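The values are calculated or read from the model by the stated rules, or taken from the named source; none is laboratory data. Everything numeric here is computed off the predicted structure, so don't read it as measured data. Ideal geometry is used to build each Cβ from the backbone, glycine not excepted, and the neighbour counts take in all protein chains shown. We work out accessible area using only protein heavy atoms, side chains counted, and drop any ligands, DNA or RNA first. Shrake-Rupley method; radii C 1.70, N 1.55, O 1.52, S 1.80 Å.
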Amino acid sequence: MNKVEIQNVQFHNFNMNEIIKIIESRVLQKNRTFIVTANPEIVMHANQDHDYLEVLRKADFIVPDGIGIVVASKLLKSPLKERVAGFDLMGKLLHLAEQKQLKVFLLGAKDTTVEKAYNNIMKKHPDLKIVGYHHGYIDINDEKLVNHIVELEPDMVFVALGFPKQEFWISKHIAKFNKGLFMGVGGSFDVWAGEVKRAPQIWINLNLEWLYRLIKQPTRFKRILVLPQFLFRVIKYKK
């Protein structure tokens, strides 16, 4: 399988259409699937936290969510095909779930946020089967909640706990399920709820979504600083 290693993290080199087809096949065959959409922050954190790096290594697929990852792959002369944004991937998977009558569960964010996200998703996908949702203020070891979700038999579980918690939760509990796609989606519920606005499409097409978000949320400045640090490490490693 075609992979590109960037700072100890193995990325699968698929474009959006390819990963959707792969996930569709696995979900319909009832194969458990753990997918990580990793950006430079996640890669940097994984190199500082061995336990988290081990969790990433258990994932079935890691795709590049962040133009910084794509740039790094080009610097390493092993170019990834394209950025696979987590929010866009979630949107396409919700569309797939509606088409195939697959069951979805939403876990994460504040109580009011996940409820608004649920309502807005249902407005866009009226035939979608969302079998339940729950806020993200949870103990990662809460077996009662996990057992409740297991009983609902979801085909897709979207976990918006933020990294690294969402990946730790998936890794800890995925074996209890007989089937299903499990994917960490960070702040995607905030966008679905209408509480955070995504960049206009032209900014996304120009790979400037990060700049738009910085302009709208100047408090993200420290997070944006991770990108030059990440690229410096990639260049240093290459040399």
>> Name the residue that is nearest to Asp88 (Cα to Cα), counting only residues in the range 162-173 that are open to solvent by 30 Å² or more (accessible area, probe 1.4 Å) and among the hydrophobic types (A, V, I, L, M, F, W, C).
In response: Phe163
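Looking for whichever is in contact (Cβ under 8 Å) with a residue 40 or more places away in the chain and not in a helix (DSSP H, G or I) here; the options are Val131, Val104. Which one fits?
Step by step, each of Val131, Val104 is checked, and only Val104 is in contact (Cβ under 8 Å) with a residue 40 or more places away in the chain and not in a helix (DSSP H, G or I).
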>> I'd like to verify a number: residues in the range 43-75 that are of a type in the set (Val, Ile, Thr) and either over 18 Å from the mean Cα position of the chain (by Cα) or modelled with pLDDT of 95 or more (or both), how many?
In response: 4
>> Out of Val114, Val71, I need the residue that is part of a helix (DSSP H, G or I), in contact (Cβ under 8 Å) with a residue 60 or more places away in the chain and either open to solvent by 50 Å² or more (accessible area, probe 1.4 Å) or in contact with a Gly (Cβ under 6 Å, 6 or more places away or on another chain) (or both). Which one?
In response: Val71
>> Take the conditions modelled with pLDDT of 95 or more, open to solvent by 70 Å² or more (accessible area, probe 1.4 Å) and outside any strand (DSSP E or B) and apply them to Lys197. Does it pass?
In response: no
>> What are the pairs with Cβ atoms under 6 angstrom where one residue, in the range 167-188, is in a helix (DSSP H, G or I) and the other, located anywhere, is open to solvent by 10 Å² or more (accessible area, probe 1.4 Å) and among the aromatic types (Phe, Trp, Tyr)? Sequence gap at least six, or different chains.
In response: Ser188/Phe87
> Right, Phe105: closer than 18 Å to Val191 by Cα and touching a Pro at 6+ places or on another chain (Cβ under 8 Å) or not?
Replying inline: yes
> Across the range 70-108, what is the number of residues that are over 20 Å from Lys129 (Cα atoms) and among the small types (Gly, Ala, Ser)?
Replying inline: 5
>> open to solvent by less than 40 Å² (accessible area, probe 1.4 Å), assigned to a loop (DSSP other than H, G, I, E, B) and at pLDDT 95 or above: which single residue out of Ile138, Ile149 fits that description?
In response: Ile138
> Out of curiosity, is Ile121 closer than 18 Å to Gly187 by Cα, at pLDDT 95 or above and not in a helix (DSSP H, G or I)?
Replying inline: no
> So which of Glu54, Glu98 ends up being part of a helix (DSSP H, G or I), among the charged types (D, E, K, R) and open to solvent by less than 40 Å² (accessible area, probe 1.4 Å)?
Replying inline: Glu98
> Looking at the range 6-17, which of its residues are in contact (Cβ under 8 Å) with a residue 24 or more places away in the chain and either polar (S, T, N, Q) or open to solvent by 50 Å² or more (accessible area, probe 1.4 Å) (or both)?
Replying inline: Gln7, Asn8, Gln10, Asn13, Asn15
